[in-house]
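K.L.:
Dropping the structure in here first, questions after.
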Amino acid sequence: MNVIVFASRKGGSGKSTLAAHLAAQVHKATKPCLLIDADPQGSLTLWHKLRGTNEPPIKTAVNSVSGIIAQAKRDGIEWVFIDTPPNLSAVVDDAIKNATMVIIPARPGVFDVNAVQETIQNCRSSRKPYAVVINGAPAQRDSVESPIVAIAREALAKFRAPVWSGQITNRADLLMALGHGEGAREYDSEGRAAAEINRLWAAIERSIKAIRGSASASGAMHKQAA
Ligand SMILES: Nc1ncnc2c1ncn2[C@@H]1O[C@H](COP(=O)(O)OP(=O)(O)O)[C@@H](O)[C@H]1O
Ligand SMILES: [Mg+2]
């Protein structure tokens, strides 16, 4: 079982958005996922209600996730996605301690990039593999990144933070899909939003294989925190 934790002290960075889109993409009867909403704001729970199918199932966590994770393991769940609140509370610590890998979404602004440092520190002190994912970025033009994304990458490089080489663009489709309780692929399987979520998932899977020791870490986006 693999546990993917979405964490960042910054609200609005895209934790709930990425958790919902990735879970919708990954969940299958043969590859059962579990969502854990550890944020009292309940964004993921709201999306799940709009979805109305209970697929993937969702649980809420208040102070700790360990008990839910132990039960998920017994139930044969393959992927657990944990959405966390934008703070450094006990439940965030517990989620990171239980993580196979932590995804830290960050918008490409100076305040946003600066705010990832505490979450990175938390991953490092828990010795957890992690990667920053640039979210809500301006669209590329002719496959060239917006200058603001390039600047964000430079700033993140100064923290020696591993950063996914792709980006999740600011797209109305991602919002529209959430409003329907859907993931990007369910909303428009041929759309650009679905392609980006797909690419992000491929990168996460590559990292997980490397973390599990079943593939080389070369080209994987994460860094084993040390
Ligand atoms: N890539 C994106 N494109 C368009 N809207 C986005 C994107 N990422 C996030 N949003 C929207 O921005 C808002 C904040 O995102 P959210 O996932 O709730 O952040 P967090 O969970 O980190 O607080 C939400 O309304 C969300 O749907
Ligand atoms: Mg949220």
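The values are calculated or read from the model by the stated rules, or taken from the named source; none is laboratory data. Keep in mind the model is a prediction, meaning the values are calculated, not measured. Cβ coordinates were reconstructed from backbone atoms using ideal geometry, including for glycine residues, and neighbour counts include every protein chain displayed. For accessibility, only protein heavy atoms count, side chains too; no ligands or nucleic acids. Shrake-Rupley method; radii C 1.70, N 1.55, O 1.52, S 1.80 Å.
K.L.:
At a temperature of 10 °C and a viscosity of 1.306 mPa s, determine how fast the range 1-95 diffuses translationally according to Stokes-Einstein, using the Kirkwood radius over alpha-carbon pairs as Rh; express D in µm²/s, rounded to the nearest whole number. Intermediate values should be presented prior to the final figure.
P.N.:
Values: Rh = 13.1 Å.
In µm²/s, the coefficient rounds to 122.
K.L.:
Let me ask another. Roughly what % of DSSP beta bridges within the range 99-185 run antiparallel, to the nearest 5?
P.N.:
Working: 1 of 9 bridges.
Around 10 percent of the beta bridges assigned by DSSP in the range 99-185 are antiparallel ones.
K.L.:
For GLU186, put the label point 7 Å out on the Cα→Cβ axis and report which residues of the range 13-30 keep their amide N under 12 Å from it.
P.N.:
20-28, by backbone N distance to the label point.
K.L.:
May I ask you to compute the full-extension gain from SER126 to LYS209, defined as 0.36 nm times their residue separation minus their alpha-carbon distance, rounded to one decimal in nm? Spell out each step's value before the answer.
P.N.:
Values: separation 83, 0.36 × 83 = 29.88 nm, distance 1.99 nm.
Roughly 27.9 nm would be gained on extension.
K.L.:
Mean separation of Cα pairs under 8 Å and 6+ residues apart, divided by the residue count of the range 2-211: what relative contact order is that in percent?
P.N.:
Working: 391 pairs, mean separation 54.1, N = 210.
26 percent.
K.L.:
Starting from the Cα gyration tensor of the chain, take the square roots of the eigenvalues, sort them a ≥ b ≥ c, and report rounded, prolate or oblate (rounded when a/c is under 1.5, otherwise prolate if a/b is larger than b/c, else oblate).
P.N.:
On the way: a/c = 1.40, a/b = 1.13, b/c = 1.24.
The shape class here is rounded.
K.L.:
State the antiparallel share, in %, of DSSP beta bridges confined to the chain, rounding to the nearest 5.
P.N.:
On the way: 3 of 27 bridges.
Rounded to the nearest five, the antiparallel share is 10 percent.
K.L.:
My understanding is that a pair violates if its Cα-Cα distance is over 27 Å; which of LYS73/LYS158; LYS10/LYS73; LYS49/LYS128; LYS31/LYS209; LYS49/LYS209 do that in this structure? Walk me through the intermediate numbers first.
P.N.:
Numbers: LYS73/LYS158 38 Å; LYS10/LYS73 30 Å; LYS49/LYS128 31 Å; LYS31/LYS209 16 Å; LYS49/LYS209 32 Å.
Beyond 27 Å: LYS73/LYS158; LYS10/LYS73; LYS49/LYS128; LYS49/LYS209.
K.L.:
Follow-up question, since we're still on this one. Over 23 Å, how big is the tail of the calculated P(r) for the range 53-140, in percent of all Cα pairs?
P.N.:
Working: 1197 of 3828 pairs.
Cα-Cα pairs of the range 53-140 separated by over 23 Å account for 31 percent.
K.L.:
With a 1.4 Å probe and all protein chains left in place, how much of the accessible area of the chain comes from carbon and sulfur atoms, in whole percent? Present the calculation step by step, with values, prior to reporting the outcome.
P.N.:
On the way: 5260 of 10390 Å².
For the chain, the apolar C and S fraction of the accessible surface comes to 51 percent.
K.L.:
With a Förster radius of 45 Å, plug the Cβ-Cβ distance of ARG74 and ALA172 into 1/(1 + (r/R0)^6) and report the FRET value to the nearest 0.05. Can you show the working numbers first?
P.N.:
Values: r = 41 Å, r/R0 = 0.90.
So, using R0 = 45 Å, E works out to roughly 0.65.
K.L.:
Roughly speaking, what is the stretch gain from SER218 to ASN198, that is 0.36 nm per residue apart minus the C-alpha to C-alpha distance, in nm to one decimal?
P.N.:
5.2 nm
K.L.:
Need the full-extension length gain, GLU154 to THR30, defined as separation in residues times 0.36 nm minus the C-alpha distance. One decimal, nm.
P.N.:
Working: separation 124, 0.36 × 124 = 44.64 nm, distance 4.04 nm.
Here the segment from GLU154 to THR30 would lengthen by 40.6 nm.
K.L.:
For the range 2-211, with every protein chain kept in place, what is the accessible area per residue (1.4 Å probe, Å²)?
P.N.:
Numbers: 9360 Å² over 210 residues.
Computed with neighbouring chains in place, this is 45 Å² per residue.
K.L.:
A follow-up question, please. Provide the descending list of Cα extents for the range 132-190 along its principal axes, expressed in whole angstroms.
P.N.:
For the range 132-190, the Cα extents along the three principal axes come out at 39, 24, 15 Å.
K.L.:
Next question. Computed FRET efficiency, Cβ-Cβ of GLU118 and LYS49, R0 41 Å: what is it to the nearest 0.05? Working shown, then result.
P.N.:
Numbers: r = 31 Å, r/R0 = 0.76.
So the FRET efficiency works out to roughly 0.85.
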